[in-house]
Amino acid sequence: MNDAELNRFKTLLLQQRDTLMASQQLGQSATETLALDQSSVGRVSRIDAIQSQSMTIETTRLRQQQLRQITTAIAMIESGDYGFCTECHAEIDVKRLSIDPAAMQCVPCASRLE
């Protein structure tokens, strides 16, 4: 992989990281403990609020996982290890990295691990 491709992937990863961090800050208040007055809020509304909070918590967890993957990919670019499968050490196809710049495995290894 040449320097231009590495710079392009690093830029993509940094953009993704910034977007995820902004989304995480916006969603932070939605994960706070619910304080519902049971006398003024109906049972269905409480269930709906709890379900909404659960979905927000899961979304936050997935966002944090993506941030870890992006941070790892950026570190691998800086160390010179980016673009190689963490399982078989073969070069990851540039097309795969274009779709998911944080990919750590080649397609065959990723398929096998799923």
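The set of residues in the range 73-90 being within 17 Å of Lys10 (Cα to Cα), among the acidic types (Asp, Glu) and surrounded by 12 or more Cβ atoms within 10 Å (Cβ to Cβ) consists of Asp81 alone. Within the range 47-94, being at pLDDT below 95 and among the basic types (Lys, Arg) holds for Arg61, Arg63. Among the β-branched types (Val, Ile, Thr), in a loop (DSSP other than H, G, I, E, B) and out of contact with any strand residue (DSSP E or B) (no Cβ under 9 Å at 6 or more places or on another chain) - does that describe any residue in the range 79-86? Scanning the range 79-86 turns up at least one residue that is among the β-branched types (Val, Ile, Thr), in a loop (DSSP other than H, G, I, E, B) and out of contact with any strand residue (DSSP E or B) (no Cβ under 9 Å at 6 or more places or on another chain). Annotation: of all residues in the range 59-112 being of a type in the set (D, E, K, R) and under 12 Å from the mean Cα position of the chain (by Cα), the one that is farthest from Gln24 (Cα to Cα) is Asp100. Within the range 23-45, is even one residue assigned to a helix (DSSP H, G or I), over 16 Å from Ile70 (Cα atoms), at pLDDT below 80 and charged (D, E, K, R)? The answer is yes; a qualifying residue exists. The single condition among (1) under 19 Å from Asp3 (Cα atoms); (2) surrounded by 17 or more Cβ atoms within 10 Å (Cβ to Cβ) that Cys106 does not satisfy is (1). Within the range 49-70, residues that are touching a residue at least 24 places away in the same chain (Cβ under 8 Å) sit with their Cβ atoms under 8 Å from residues that are hydrophobic (A, V, I, L, M, F, W, C) and part of a helix (DSSP H, G or I), at 6+ positions apart or across chains, in these pairs: Thr56/Ala30; Arg63/Leu20; Gln66/Leu20; Leu67/Leu20; Leu67/Met21; Ile70/Leu13; Ile70/Leu20.
The values are calculated or read from the model by the stated rules, or taken from the named source; none is laboratory data. Quick caveat, the model's predicted, so the values are computed rather than measured. Counting neighbours? That spans all protein chains shown, and the Cβs are built from the backbone with ideal geometry, glycine included.
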